[in-house]
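This report refers to the structure that appears directly beneath it.
Laboratory data are not the source of any read-out in this text; all were calculated from the coordinates shown. Computed from a predicted model, the values in this text were never measured in an experiment. Every residue, glycine among them, receives a Cβ derived from its backbone with ideal geometry; neighbour counts consider all protein chains shown.
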Ligand code: AP5
């Protein structure tokens, strides 16, 4: 199964992708996580990506298409993929179509997580992650069960993303509107798009996504 989670920054794509990976055994492919790893490792890709990410702009299509292709090849045995944050432009979507056709694979569904803009800033500025396993939390909506301790790996260290400040988030939203939102009609036309109400509590969004994917 190959699915795309599509939605603006802070919509809940990463939250749902992490859950689907755990519950359904699908592999989460997050271009944001891959780029952050490259930035931390100081690779050539990381150096190129950092400037765009800090500015809230998209990294060049060729760069992200290449890292996704390499990761899919490496995970060839996987039962399926959740594409989280990719594609983000029509050029990336076309590259994905070609990549999948070359491998004899097919995209199953594109889940649009629909959230109003005013809620996104609060979600992003309250977000924090486990520094070790990257599990995703929120100051108000999703705190660890034991304060200061990661539910998943028990680590007591947490971190925030440098691009999670209000000014950069506004630029990321602008990039979403101009460059990524045109993917909605692209996938609607292909008969793949399912819209999910992302304004509900996390568990209810999970339920709706599972229904759309036939897991419930
Ligand atoms: P990326 O890391 O992909 O960031 P993003 O798309 O901006 O998305 P986020 O990770 O911010 O949000 P999310 O939807 O995953 O929300 P989350 O689940 O964390 O990309 C970062 C940068 O990398 C880009 O700006 C760009 O520069 C570059 N990049 C990446 N991919 C690229 C590509 N393909 N092409 C070019 N450049 C690329 O949830 C947010 C918070 O809300 C969490 O705290 C969570 O606990 C909480 N939450 C989740 N669901 C709910 C709910 N239903 N109710 C209440 N709170 C909720």
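Would you please classify the overall shape of the stretch 9-128 from the alpha carbon gyration tensor, given that a ≥ b ≥ c denote the square roots of the eigenvalues, rounded means a/c under 1.5, and beyond that prolate means a/b larger than b/c while oblate covers the rest? Write down the numbers at each step before the final one.
On the way: a/c = 1.56, a/b = 1.15, b/c = 1.36.
Because a/c hits 1.5 or more and a/b fails to exceed b/c, the stretch 9-128 counts as oblate.
Using the basic label-point model (7 angstrom from Cα toward the beta carbon), what is the residue 177 to residue 24 distance in nanometres?
That separation, rounded to one decimal, is 3.1 nm.
Report the full-extension gain for the segment residue 33 to residue 70: residue separation times 0.36 nm, less the Cα-Cα distance, to one decimal in nm.
On the way: separation 37, 0.36 × 37 = 13.32 nm, distance 1.45 nm.
Length difference between fully extended and current span is 11.9 nm.
Note down the relative contact order for the chain as a percent, whole number, built from C-alpha pairs under 8 angstrom at least six residues apart.
Details: 300 pairs, mean separation 61.4, N = 216.
Relative CO of the chain lands at 28 percent.
Among rounded, prolate and oblate, which fits the stretch 170-216 when a ≥ b ≥ c are the square roots of the eigenvalues of its C-alpha gyration tensor, a/c under 1.5 means rounded, and a/b larger than b/c means prolate?
On the way: a/c = 4.09, a/b = 1.39, b/c = 2.93.
In terms of gyration-tensor shape, oblate.
Specify whether the C-alpha gyration tensor of the stretch 79-190 places it in the rounded, prolate or oblate class, a ≥ b ≥ c being the square roots of the eigenvalues: rounded for a/c under 1.5, otherwise prolate if a/b is larger than b/c and oblate if not.
Details: a/c = 2.61, a/b = 1.57, b/c = 1.67.
Oblate.
Roughly how many Å is it from the Cα centre of the stretch 35-62 to that of the stretch 135-166, as a whole number?
23 Å
What fraction of the DSSP beta bridges in the chain is antiparallel, stated in percent and rounded to the nearest 5? Write out the running numbers ahead of the final one.
Working: 7 of 24 bridges.
In the chain, DSSP labels about 30 percent of beta bridges as antiparallel.
Output the relative contact order of the stretch 59-147, whole-number percent, from Cα pairs under 8 angstrom with separation of 6+ residues. Write out the running numbers ahead of the final one.
Details: 31 pairs, mean separation 13.6, N = 89.
Reported as a whole number, the value is 15 percent.
As an exercise, use a Förster radius of 22 Å and the Cβ-Cβ distance of residue 166 and residue 52 to find the FRET efficiency, rounded to the nearest 0.05.
Result of the calculation: an efficiency of 0.75.
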